[in-house]
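Let me begin by presenting the structure, written as structure tokens, before commenting on it.
The values are calculated or read from the model by the stated rules, or taken from the named source; none is laboratory data. Remember, it's a predicted structure, so these values are computed and weren't measured experimentally. Here the Cβ positions follow ideal geometry from the backbone for every residue, glycine too, while neighbour counts run over all protein chains shown.
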Amino acid sequence: MTFLWPTSQMGMLHPGAETPEARDRAAEFRQMAAHSRAGVTYHDMKGLFVPLSTSAVETRVAAFAELGLLYGRGPTVPVVLTPVGEQLSSLMGSGAFSPTKAVQATALLTWALSNCQINRARSPGSPRITEIERTACDVRPYLTAWSIMLDLDSMLYMHEFLGPVRQLQKVADYDECVREIRAARASGQVFPNPQSGAATSLANASIYWRSRLSVAGQLLNFDSAEQRLKFAPGGESIVEAVIEAQGGMGANLGALRAKHWTDVDDYFKTAGAACSAEIAGTIVDALATPIVPPGGVASGAPASGDLSTSEGQRRYRLQRQIERRSWVSREAKRINATQHNGHVACEACDFTHADPAMMDAHHKDPLASGIRQTKVSDLLILCPTCHRRAHRTTDVLAPMTIVELRQWVETGRP
Ligand SMILES: [Zn+2]
Ligand SMILES: [Zn+2]
């Protein structure tokens, strides 16, 4: 069975994007949201965008529905504006679009796309999908692709996306997919394009996909010479905050899992869910902290003796990001379990548990290694209590060492 990734048209909306197409889509969305609030039906909506043909309006509704912003439930009922659609349209307002608002729009659109599913409800009139089609795929595609980028040095080549990533349909196959791409990179192998007419098709596909995956170029940047996507500044923080908000930390792949639905309204209850104030706060907080550039320590960083508080917090955030980075954490736990009869053991207190999600992976020394070069051997497996103790030091940049942690355990955890 072949599933098609959700995508209706090129040029995703973004009110703050540099491309006029993205800004046009945003303006159309704003208008459509206003019509929806006024109770305009799906049928009547088609006549309200005069320069556009009715089929072009249908395509717009389908694109906005893909994002979970609004949807047509039937020809004679008003188009439904979802909670996240409400949030985006009120963020847009009517005035000038500031850089801060642009970042918030990126975060909202990333959140919206993270809820998009392959086995989504279809627009009115198109065939209903079968029960098997509805349930056979259990990954949320965009969130999964971005998560894979985090696990693969924060970048993704188009041939990797069109090959293993786009074909990944099961959360259970996630780790294997990451391993396969890692192995291919190490050996210089390029994945063959599964579609025919390879050269043209690859170029078209990259045009087609990069605007969606990149959130109109705001979340990811596209290098056309390399045919490669990389995170734009702040992009990793947005994705990490969204994954965390969706319920994924460390070993937990649950954030990527698709939600089952019974009808169109049921689907959009999840797909159109509001980005809560708490989550928005997390995203804003994450964005306030710059990310360390490739190669690790930022150039001109002060010596450890006179690190300012903000520098310390930035490092602490970097450390927590490394620890959340799922693939390397899971791999460290897997290796740990092979040495303890299938149970994961705390390296400080020897507490063991069969469920890897009950244990944490802690980075021994984030200052010594760049965020993109973290190896399994850089991590220490700790139970949540020992992990908390490790970080409860006066200097956030100096967590307890394994020797100190063992001493703490041996003296009865004072
Ligand atoms: Zn422990
Ligand atoms: Zn830690």
Problem - Residues satisfying the stated conditions in region 109-147, i.e. of a type in the set (A, V, I, L, M) and either modelled with pLDDT under 90 or over 13 Å from the mean Cα position of the chain (by Cα) (or both) - result: I118, A121, I129, I132, A136
Completion exercise
Residue pairs qualifying under the 6 Å Cβ cut-off, at least six apart or on distinct chains, with the first in region 381-396 being free of Cβ contacts under 8 Å to residues at least 60 places away in the same chain and within 10 Å of ligand 2 (Cβ to nearest atom) and the second being among the acidic types (D, E) and outside any loop (DSSP other than H, G, I, E, B), are L382/D360; H387/D360
Problem - Qualifying residues in region 66-78 (those that are of a type in the set (A, V, I, L, M) and over 19 Å from the mean Cα position of the chain (by Cα)) - the one surrounded by the fewest Cβ atoms within 10 Å (Cβ to Cβ) - result: V77
Completion exercise
Counting only strands (runs of 3 or more DSSP E) entirely within region 148-258, those with at least 1 residues that are more than 29 Å from L379 (Cα to Cα), among the aliphatic types (A, V, I, L, M) and at pLDDT 85 or above are none
Practice task
Would you please name the residue that is modelled with the lowest pLDDT, looking only at residues in region 331-350 that are away from ligand 2 (no atom under 16 Å from the Cβ) and out of contact with any strand residue (DSSP E or B) (no Cβ under 7 Å at 6 or more places or on another chain)?
Solution key: E331
Handout entry: Neighbours by Cβ (under 8 Å, 6+ apart or cross-chain): first from region 205-226, at positive phi and buried (at least 18 other Cβ atoms within 10 Å of the Cβ); second among the β-branched types (V, I, T) and not in a strand (DSSP E or B)
Key = V215/T106; V215/T110; A216/T19; G217/T19
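For (1) closer than 17 Å to F268 by Cα; (2) aliphatic (A, V, I, L, M); (3) part of a helix (DSSP H, G or I); (4) modelled with pLDDT of 90 or more, each residue gets a yes or a no:
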{"site": "P15", "(1), (2), (3), (4)": "no, no, no, yes"}
{"site": "A26", "(1), (2), (3), (4)": "no, yes, yes, yes"}
{"site": "R30", "(1), (2), (3), (4)": "no, no, yes, yes"}
{"site": "G47", "(1), (2), (3), (4)": "no, no, no, yes"}
{"site": "V57", "(1), (2), (3), (4)": "no, yes, yes, yes"}
{"site": "L91", "(1), (2), (3), (4)": "no, yes, yes, no"}
{"site": "K101", "(1), (2), (3), (4)": "no, no, yes, no"}
{"site": "A105", "(1), (2), (3), (4)": "no, yes, yes, no"}
